[in-house]
1. Determine whether B:R381 is in contact with a helix residue (DSSP H, G or I) (Cβ under 9 Å, 6 or more places away or on another chain), surrounded by 24 or more Cβ atoms within 10 Å (Cβ to Cβ) and of a type in the set (D, E, K, R).
2. Need at least 1 residues that are closer than 22 Å to B:H258 by Cα, of a type in the set (D, E) and without any contact (Cβ under 8 Å) to a residue 12 or more places away in the chain per element, so show me which helices (runs of 4 or more DSSP H) inside region B:303-414 make the cut, counting only ones lying wholly within it.
3. Quick one: B:G102 ticks every box in (1) farther than 30 Å from B:I392 by Cα; (2) part of a loop (DSSP other than H, G, I, E, B); (3) more than 28 Å from the chain's Cα centre (by Cα) bar one, so which box is it?
4. Those residues that are farther than 17 Å from B:V139 by Cβ and either at the interface with chain A (Cβ under 10 Å from one of its Cβ atoms) or touching a Ser or Thr at 6+ places or on another chain (Cβ under 7 Å) (or both), I need them from region B:467-500; list them, please.
5. Evaluate region B:284-293: report whether one residue or more is surrounded by fewer than 20 Cβ atoms within 10 Å (Cβ to Cβ), closer than 28 Å to B:P222 by Cβ and of a type in the set (D, E).
6. Quick check on A:L245: is it in a loop (DSSP other than H, G, I, E, B), within 9 Å of chain B (Cβ to nearest Cβ) and buried (at least 19 other Cβ atoms within 10 Å of the Cβ)?
7. Give me the pairs: first residue in region A:253-264 and under 14 Å from A:S350 (Cα atoms), second residue aromatic (F, W, Y), beta-carbon distance under 7 Å, and six or more apart or on different chains, which are they?
8. Would you please list the contacts, defined by Cβ atoms under 9 Å and residues six or more apart or on different chains, that run from a residue in region B:116-129 that is more than 14 Å from chain A (Cβ to nearest Cβ) to a residue that is among the small types (G, A, S) and part of a strand (DSSP E or B)?
Amino acid sequence: MGGCGIAGCMNLEGGRISGDVIARMLETMGERENGLGAGYACYGLFPEHRDDYCMQFFFDHEEARTAVEELLKAMGSITKDERVHTQRVKSMRPPFPMVWRYFFRPSSKLEWRGRTDLSDDDLMVQLAMHVNAEVEGALCVSSGKDMAVFKGNGYSYEISKYYDLGRYSGKMWVSHSRFPTNSPAWWGGAHPLSILDWTVCHNGEITSYGVNRKFVEMAGYRCSVLTDTEVVAYTWDLLVRKHRLPISAAAFAIAPWYHEDIARLDPESARLATWLRITYKEALLNGPFSIIVGRREPEVTMIALADRKKLRPLLCGRSQDGRTAYVASEECAVRIVEPEAETWTPNAGSPMIAVVGKGIVRTGNEHPFVGGE
Amino acid sequence: MAQPIAPMRRMELEAPERFIPVVDAGLCKRCKKCVSECSYRALDFVDGNVKPIGGCVACGRCINVCPAHCIEIRQIPSQFPAHANFNERVRRAIMSQASTGGVLLTSCGTDIAYPVMFDEMLLDAAQVTNPAIDPLREVVETRTFVGGRRGRLQVRDDGRLHMDEGPGPTIAMDMPIMIGHISLGSVSYNAQKALFAAAKELNILAGSGEGGLHKDFLPYAPHVVSEIASGRFGVTGDYLKSTAAVEIKIGQGAKPGHGGHLPGEKVSALISQTRMIPLGTDALSPYPHHDIYSIEDLQQLLSVVKEAVEYKVPVGVKIAAVHNVGAIASGVVRAGADFITIDGFRGGTGSTPRIIRDHVGLPIEVAISVVDQRLTKEGLRNRVTVFAGGSIRSSADMIKAIALGADAVMVCTAAMVAMGCRVCQQCHRGVCSWGIATQREELVSRLDPEVASARVVRLLRSWNEELKEILGAMGIDSVESLVGNRDRLRYFGPNSKIAEIMGVKHVGEGWG
């Protein structure tokens, strides 16, 4: 993505925030978008289905919906399905895909193409990537538990209206408005990009895309959405869920310190830093970016990270009562909903991490391996 | 009555001369320096004047030593009747072979004008959406690590490391360049000393080539990659343990399927001691390693060598780029190589049969890309360091080689040229007038190791600066983000099939 706006908010105590709040945050940064895509993700919005995978799809036609539904029935059970509520917005132009939601549980004795070694999460990753690559006219937009992505082709205020975001409330929202420069404007390409319970909102352009893509493809991920942000989502899933790196170490692999700075760390940290750089050199995201990463497991988590030269803006905030954490491209996005919030900027390449129930465990101004989650 | 035809003399059927040194008699000081410096004996002093007497190879030594600047080497225009198919090169080879009846020997990389894909690719640059980086104002990193990797790191929840789970023995180089394997034997003591000293100064690696390490060069060992070639010349436990890394040489780009060739002319007392072979004998290494007839054998040798060096240094394998290079590289990585060196068919050599040099192998551009794609597909690319060599002529070639998938490049001929080599392709004769590819004392002494070393240092440092400029222009601030980043290359040549094989888009194709 080129110049874009990102915003996120979280109730650190697990209370609910209405979709209207995130919509106001994002819409305020109107300078950062040009009507070619916007999107929102909400976590903790389906308490009654919290143990089901919530799969949301864009379908171009009824045949695609039938094909996906048959696939899901073969792979497990559908607890509930429904058309995602949308409403006409006069200024928006077709095509409008059908947006559909399935609450899904994979069968306990399943196998995927002869493989029996996959966990439920691994299977969901395979399933989503299979649909995106193989089922014509279908795109899996989100597939995590107790979370959902609402996105499309339009301005942020159009998309929030289109989905009537005010009808949802959750523990955390992340969002993105788009000013694309390197990939086509279409519904699937809008952010957040999501895999499993991960969502990524990304302002920037990855100059190392070819390398990062190899990194995730080596681990079996299939890139199908024509955007560098998809690769960022897979990278987080691979580093944190599959390789079990603490978030601070994963962030370091993605935006590492320079070797000359690593030399100033204490010996044990320097060794960890160097080994991360050697082992995960293909995970380094080069070029300008600021990203907000959302996650649900094991707790709802928000990560905000800028590139190691800080070529894109990123600002964090905390409400006066200490209950709400904010992240945004611009300070105005925080001030519009919380005029008296305390704000700060994390260091280049240093993640802010907020976790429901634990608070802000890293501000982004600490030693690289402090405040890991 | 017809005149009787004189019997044919051998000379009449030899190929005509290609070069002639022309001395301006008006300017010449008659110092005879050129005559004494010409190791090919192409000049003589006759009747008060310097005269060409045949055999000039255009090494250019006389031009550079002439205090009057009055020598010019002329390439004699073709004396052959024009024929595009039986061109001059073909006819000269026939004549030479008819005279000698042997396998023609030559040196350096092939001189045939095969297409060079490096020259058919363009690099990308940042505009608007990502800022270009000025390496003089901002950090742009070129540090390159050499060694095996495990593909993942175990880090505890408290952010501490499982200390025994590192990436294996690793060497850091300050730039993604290695001076290739140029043996003592193929080049002189002074030449190898200059190359090793340059590697030390630049904090990079240099290959020892086949034949062991001279005891005087032990101080350079932390910057030397030792080589186990099929002749096993000079290979001792101490040699392997002393160096920064060990390479098992299976093949070489200039002569895939052949072992090393060191003509007896170059086996001086010094070489005889280092290689542990009799004085003046040809040192011809076997074509295969006679303990490696299969991939299983290579795996065993890798294990043995790793044991020998106590797992303290990386152990790798060099292969020549041949048609099935992707699958071979995959096997080599699975056999346990920490690094793999791919040598393209245009690579140089001190001596090789011309038939092999000119007609066997694969261009390095294709080989790098095929290997990188294959290793990525098999999930192995993050286990190994890939070196690529075989005619890396400039920083542009280096940058494109890295973008195609090499972690670092291997440079030989360019380093020789920096030291004085003119690529006259006579190394196998052992009378290099520049003191590089020779063992004759009087010639070796012409090369000042300090001067030569400084020139190599300046060359490679300038390449690294150019690399940083290009990285910065691409909006990349560390060289690892260019490795295999084929998205930043576009093909601009006549054969889109080759672009497809290399995984490089055509010019005009955008991002998505």
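1. yes
2. Result: empty, no element qualifies.
3. (3)
4. Residues satisfying the conditions are B:V483, B:G484, B:N485, B:R486, B:D487, B:R488, B:L489.
5. Scanning region B:284-293 turns up no residue that is surrounded by fewer than 20 Cβ atoms within 10 Å (Cβ to Cβ), closer than 28 Å to B:P222 by Cβ and of a type in the set (D, E).
6. Here the answer is yes, as A:L245 does meet what is asked.
7. A:A253/A:Y280
8. none
The values are calculated or read from the model by the stated rules, or taken from the named source; none is laboratory data. Everything quoted here is computed from the prediction, not taken from an experiment. Ideal geometry is used to build each Cβ from the backbone, glycine not excepted, and the neighbour counts take in all protein chains shown.
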